Amino acid sequence: MKVTEKDVAYVAGLANLELTQEEQAGMVRDLNSILQYVDRLNELDTSNVAPMAQVSGRYGVDGSKQGTERFSYASREDIPEGLRKSLPREEALANAPDSDGMFFKVPKVIER
Amino acid sequence: MDLTSLTIDAARSVVQERRTSALALAEAHYARIQKEDGQVGAFLTLSKERALEQADRIDRMAAEGKPLPALGGVPVGIKDVMVTRGVRTTAGSKILANYIPPYDCTAVARIEAAGAVVLGKANCDEFAMGSSNENSAFRPVRNPRDLTRVPGGSSGGPAAAVAADMAVVALGSDTGGSIRQPASFCGVVGLMPTYGRVSRYGLIAFASSLDHIGPLAKTVKDAAIVLRTIAGRDPMDSTSADLPVPDYVAELDKPVRGLKLGVAKEYFGEGLDDEVRQAVEAAIDKLKRLGCEIVPVSLPHTPYAIPTYYLVATAEASSNLARYDGVRYSYRAPGVTSLAEMYRSSRDEGFGTEVKRRIMLGTYALSAGYYDAYYLKAQKVRTLLLRDFEEAFTKVDAIVTPTSPTSAFRLGEKSNDPLAMYLADVYTVTADLAGIPGISVPCGETKEKLPIGLQILGRHFDEATILQVAHAFEQAA
């Protein structure tokens, strides 16, 4: 067993998840089973292989527009007001679980 | 005239020629949904007001004798991971059960600008995480061909809607196979374009380097029409490619004679169902008779695709799903007294088991001490998987494989074994990881009358070739 209950509790904390006792036990079982399967990647020698985050730096690049910088294909002129206008306050707050019409409201953050 | 079994061109022409109206077409599909969807569960939310308004606009165009755009009056379904202004968008999750987006996804805006009538939002696995549609927080989708079986996932709703004539076409999303696998299970066409071909703006993020939007359709031509409409650079998505979009429809009838099609033994090994193998081998024979040259190729890293995928996708998901914090728009647990408790309780009550499992796996793979061993390792193997395809595509124009190792399985069959469920994507995840396009086209049925899909994979930004091959195959059927 690679992953213990303690690990699961630690990772759940990092991910802001609160797992029940039952969920925690299931998670220990599932993560171990998946990680054991994933371990087959260690059969491959990747010491001289560059990691790949995504493909769009290599493909989909118009050569005539390509600069020297990475992702320069995606650059554009700065537009002060943004690509689209900001949402009106009313719309931005419309889905908020709690608001005072001006701000999003959350439980008290600082105890005093 | 049966209004619910039309292709895009047929639907547009009957509206254009005023043999029926866009309104009647929409109503016929709503009637079909009313009749069938209680059992199937393909739709989560219907957008009648928006649909009828658009239908009316199209009917006025037709009445004035104006030429209708490519999708004029065509009823479509939208997977509920694409945001729609004013229409509830849930991602199949309780955490977004009441979310009304303030803007439209670019792909949705583009098909509406081309005249499509958006009937509603189609069911899916929660945050597109699943291969059976059993992970929807609202209800599972059932396969219209056999209600005891799954429609595949995560675009199970869109696939079932098209298969059951509840929509002419639908937009789905594919991160590990979520368009192609359900298309295969439901007997429809499913196309995943090249990464960057279609803007992801307004697609609720699962794994940003792997997410793609694409069509599910009754014919290859319909898929080509939708792709032509939604493809192309969008300033709102910096990963959308600034490349010209070919006229996929005009290129459909180009001859396939002389095209080289690769067959990789890695896609015909252990775990492949015999009936699926036979159907796909027969399909390859047919392509040969159509004049394609069949060339053996090797994709040696294929057995490492699933583990790579489940590290990369979950790592990205754990980051993307951090935004659901109960502050700005997602579910907030009642009765919480501190900020930390609010985050944790809201996420715990709002997310389903599979989503939590993937957030946990992804967070673990990114956490201090494990990053190099898991996430970085997977990114390196991802490079090897891409190289496999680059090498193969120096020899062939496209690669043909089964879409999924089996036909549709039964509800509940794999739902308690996450690993078994993940293996349903064994032939589809490689294309997502490499960013290449893929299409699934029906290629027969099992003895139990369950559909089987043939997958055709192509070079980056060469959707035209895989559409040609799929079209030639479909026409010869």
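Descriptive notes on the structure:
- Centre separation in Å (Cα based) which lies between region B:1-64 and region B:383-417: 35
- Approximate spin-label separation residue B:19-residue B:85, in nm, with each point projected 7 Å along Cα-to-Cβ: 3.5
- Each stretch of four or more DSSP H residues adds -39500 (n - 2.57); spread over every residue of chain B, this sum gives -11500 deg cm²/dmol at 222 nm.
- Rounded FRET efficiency, nearest 0.05, which uses the C-beta distance separating residue A:22 from residue B:98 and R0 of 35 Å: 0.80
- Other protein chain Cβ atoms within 10 Å, averaged over every residue that makes up B:359-370: 6
- If you take the Cα centroid of region A:81-112 and the Cα centroid of region B:280-354, the two points sit 29 Å apart.
- At q = 0.10 Å⁻¹ the log10 of I(q)/I(0) for the protein assembly as shown amounts to -0.83, computed by Debye summation with a single uniform scatterer per C-alpha, solvent ignored.
- Considering only alpha-carbon pairs that sit under 8 angstrom and 6 or more positions apart, the relative contact order computed for chain B is 17 percent.
- Of all DSSP-defined beta bridges confined to region B:8-250, some 65% are antiparallel rather than parallel.
- Take each residue in A:22-31, count the other chain C-beta atoms within 10 Å of its C-beta, and the mean is 3.
- Taking each of B:35/B:221; B:35/B:286; B:380/B:449; A:85/B:218 in turn, the alpha-carbon distance tops 32 angstrom for B:35/B:286; B:380/B:449; A:85/B:218.
- Computed Rg/Rh of region B:195-330, alpha carbon atoms with Kirkwood Rh: 1.04
- Among A:36-43, B:136-143, the order from most to least packed when residues are scored by Cβ within 10 Å on average: B:136-143, A:36-43
- Peptide A:37-47 has a mean of 6 when you count, residue by residue, the C-beta atoms of other protein chains within 10 Å of its C-beta.
- Region B:151-239 - percent relative contact order, Cα under 8 Å, separation 6 or more: 31
- DSSP bridge analysis restricted to chain B gives an antiparallel fraction near 65%, rounded to the nearest 5.
- Packing-based ranking of B:228-240, A:22-34 yields B:228-240, A:22-34, ordered from highest to lowest mean Cβ neighbour count within 10 Å.
- Solvent-free Debye calculation, one equal scatterer per alpha-carbon of region B:8-250: log10 I(q)/I(0) at 0.10, 0.11, 0.18 Å⁻¹ equals -0.40, -0.48, -1.36.
- Ranked by how many other beta carbons lie within 10 Å on average, peptides B:295-303, B:21-29 from highest: B:21-29, B:295-303
- Environment charge of residue B:330, counting only residues whose C-beta is closer than 10 Å and scoring Lys/Arg +1, Asp/Glu -1: +4
Just so you know, all these numbers are worked out from the coordinates, no wet-lab data involved. What you are looking at is a predicted structure, and each value in this text was computed from that prediction instead of being measured. Ideal geometry is used to build each Cβ from the backbone, glycine not excepted, and the neighbour counts take in all protein chains shown.
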